[in-house]
Structure formats: C-alpha cells, structure tokens
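Inspection log for the structure reproduced underneath, given as structure tokens.
Readers should treat all values here as calculations from the given coordinates under stated rules, not as data from a laboratory. Being a predicted model, the structure only gives us computed values, none of them experimental. Note: ideal-geometry Cβ built from the backbone for every residue, glycine included; neighbour counts use all protein chains shown.
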Amino acid sequence: MININKDLIQKLSDRIEAGQDSELRAWARDLHATDVAEILGQMRSEPASYLYRLLDPEVRADVLIELDEDQRAELLSAMTAEEIAGGVLGKLDSDDATDVVAELPPNKAEEVIGHLEDDERASDIRDLLAYQEGTAGAMMAKELVKVQADWTVTRTIREIRRQAEEVHQVYTVYVVDEEDRLTGRLSMKHLLLGAESTRSKVKELQREDGNVTIQAHESSEKATMLMERYDLVALPVVDAEQRLLGRITIDDAVDSIIEDAERDYQLASGISEDVESSDDVITLTRARLPWLLIGLVGGIGGAYVIGWFDIKENAEMALFIPLIAAMGGNVGVQSAAIVVQGLASNHISTSNIIDRLSKEFGVGILNGLICGLLILGITLALNFGTALSITVSIALLCVIIFAALFGTFVPLMLHRYKIDPALATGPFITTVNDIIGLMIYFAVGSLISSLILG
C-alpha cells in the first residue's frame, strides 16, 4: 500500500511541471486504480487532469469510477462524447458504465450512448438507466454467465468460455429455460467432476436448492440484506416472471452498505445532505445549518420552560438541569439507535410496535429505577436536601421512561411512512427530550413543593 502524503503530491506536481511524462507513466503503471484515484483527489485540478491523461488507456476507466463525483464530473466535462464512449464505457461493467452516463447532462449522455459501437452495450445501459435509483435494478450489472437446462456438458463448457470473455468475475453460472426464466445454478466443480459423460445435460447437474433471487423493482437495501444473510457473492436479479435480468456482485453490495452507513451516520449527526470533507464551505454549511437551527429553536423552547417555572423560588433545582437533559437525550438516542439497527437488518418490523414499546418500557423502568436510586443516594449523601433529592430521582425515572418510549416510537413511525428512520437518532430526539425532560422535571418539582408546603 502506497503512502499518500503531501510530499508525494508535491513530488508528482514537480514532475508534471518538468514534463517527465515517461517517468510518471512508469510510476503509475504499478499502482492500483484506487490509489491513483486517491492521489488525483488530493491534487489541484490542472495537474490531476494532466496526470489522468498520462495513464494507460486500460486503467483510465477504473481510475475514473473510483474518483469522487465532483472530480469525475470535471474530468468527464473535458472529454468528448467519443472519448467517453470508447475510452470509458467500453472498458467498464454495465452498472459502472451506467453510473457514469447518469452523471452526464442529458444531451451529452444520449450522444455518448449513440457513439457506442457495441449495440448490446448501448441497450444494456439504456435498460439500466430506466430503473429508479435505490432499486436492485439500478444496482445490478448485465454481465453474467448463463446456460440452458437442456444443453450438453460439451456445449455448456463452450458457451461458458465464450460468455466469460465479457465477464470480469465468474461467481456463478445460472441455468435458465428457453424463456430465459431462472431455474437454478450450476457449480463449476459439479460440471467438471459430476457429469457421467460429455453428453450429460445441465438439468441433471444443476442445483435448485437455495436459489435466492430479488426482483428488479425491490430496494437495494433488501439486496444487500439477502447477500449478507445467505453469504452470497452474487445475487441474481429477475423480473416478475422470474426471467433473469442481471446480477448484483459483492463489491457493489459492499459499496452500497458503506454508502448507506455513511448517509445514516450523517443523518444521525444532524447533517441533511451527503457531503464530503473536501466540499466547499457553502456546501458544508448548507448541510449542517438546518439541524443547528432546529437545535436553536429547541434551546429557546427549553429556556421558555425554565422561564415558565419560577426558578427563583427553587434555585437549587437549576443545578440538575444539565443532568436531566443529558440523561433524556442519551436514553432516547440509545433506544432509537437499537430500533434503527433492527429495522436495517430486518429484525424489527412496524407490525409489532406494541411489543417493542412494551419491551422498551420495561427497559426504561429498570434503568430508571437504578439511576433514580443512585442519584437519590448521592444527593442525600451530599446534603442537597430530602425534597430536592426526591424530586431529582423521581424526575429522572420519569424522563428515562419517556425517552426510551419516545426514542423507540419515532423511528418506527418514520419507517412506516417511508421516511429514513436514521433521522430519529440525531438532534431531533435529543432536542425533544430536552424540552419534555425539563417539563417533567419542573412538574415533579412543583408537585413535591406543593405537597411539602401543603
């Protein structure tokens, strides 16, 4: 693994200025496409574009697909439709080629497709562009190896050799009927060692058990879930009639999982857009400001609650405001995180909301009692007074129970109404719990004060 640092970037920039093209080509030839893409991502626009054009033609496409979207768009804008069609799309799998075309302006995208010499490749890209983003169809590649059930071993091996020339990785050989409907899969080991003769038919050798598929209109999240659950390196994509359309490979599944995790993490952190650390100040501000404003409104709401309660008569209660707010926010985020994780892995569904809330209610009571008794003992030991100690402990119990239920309920409801539940694990939960927690705290304080004075 190459060590990419400022010294390396400066050295490459100096070589570019000195016109040492042959040395740069030789140096880049030994690198992985991912490392080259990372290096280009840390260079200024002009030297990065210059170095990219020095790369060997067969690796340019692989490097391009590894670049971030902004830099890829910049390089593509400087290329003609003929260069993109011949030098990029012709060297990528159909799913990656489709991703590149989708990032082009509509007019240029159609022009690029029109310059493709391979009519089948052009048709595949048009088919994949028709699928909605976030579906298995948009995620799949058309390249695969398939054979028919009534073929002999001899013909099957010949066809596998021919089709494999267009496929970078042959994970599975799929078996279809005359209507192209998926009927099973064929193990290469079984094909070579299990056949009694070269005239044996594929239908005698194919496996029909465990034939996991996904339809093209279903979500990419379901695709990755199926691949994780059944330990698949490739997942066949079919239509409603079980006709084989393509396959999703493990590398694309991993990319999707990482993208989903990054998006959920950003949502949970209160970032409303998909941003990178390299984005400009305006973009980063636009992504982070909305939830900061919501937090600001929440803070004003908390201040209003404090102002509504006559804190002057019970000034000692102000000492525990941070404790109540922090505990409510933490418990709410914990509960929401567990639910979001369960929804993502399909271990929790919105059909058993009552059961989930009942379980979380029990957890909230147990945690609340433990924390409440603990804070009661500590405050009494520190001579905060019996009334204040009881107020804080009871309020803490109530806040923890409410936060646990609220943190469970919100993501379940968001998921039911097709809204990303990861929104619930961020500032929304903590802001609402701060306000409600303070209301509970002061309500308990008022009640206990009235009982004591009464």
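Structure notes:
- The residue among 75, 437, 191 whose Cα reaches farthest toward the positive pole of the charge dipole of the chain, with charges on the beta-carbon of Lys, Arg, Asp and Glu, is 437.
- In the chain, helices alone account for a calculated mean residue ellipticity at 222 nm of -20500 deg cm²/dmol, with every DSSP H run of four or more residues adding -39,500 (n - 2.57).
- Amide H within-cut-off set for residue 187, under 5 Å, with H built and near neighbours excluded: 207
- Those residues of segment 194-225 whose amide nitrogen sits under 12 Å from the label point placed on residue 152, 7 Å along Cα→Cβ: 197-202
- Karplus 3J(HN,Hα) series, Hz, for segment 60-68 with 6.51 cos²θ - 1.76 cosθ + 1.60 (x for Gly, Pro): 4, 5, 5, 5, 4, 6, 8, 6, 6
- Those aspartates and glutamates that a straight Cα-Cα span of less than 19 Å connects to residue 201, excepting residues fewer than 8 apart in one chain: 150, 159, 177, 178, 179, 180, 209
- For the pair residue 171 and residue 130 in one chain, pulling the backbone fully straight at 0.36 nm per residue adds 12.2 nm over the alpha carbon distance.
- The Kirkwood hydrodynamic radius of the chain, based on inverse pair distances between different Cα atoms, is 26.8 Å.
- Taking a sphere under 11 Å around the Cβ of residue 238 and counting the other residues whose Cβ falls inside, with K and R at +1 and D and E at -1, yields a net charge of -1.
- Simple Cβ-charge dipole of the chain, Lys/Arg +1 and Asp/Glu -1, about Cα centre, in debye nearest 20: 1800
- Given the chain, longest segment not containing exposed loop chymotrypsin sites (Phe, Trp or Tyr not before Pro) (DSSP; at most 11 other Cβ within 10 Å): 1-229
- Dipole of the chain, positive end: most advanced residue of 175, 157, 331 [Cβ charges, Cα centre]: 331
- With 28 Å as the limit on Cα-Cα distance, the pairs of 6/108; 222/359; 142/203; 108/142; 91/189 that go past it are 6/108; 91/189.
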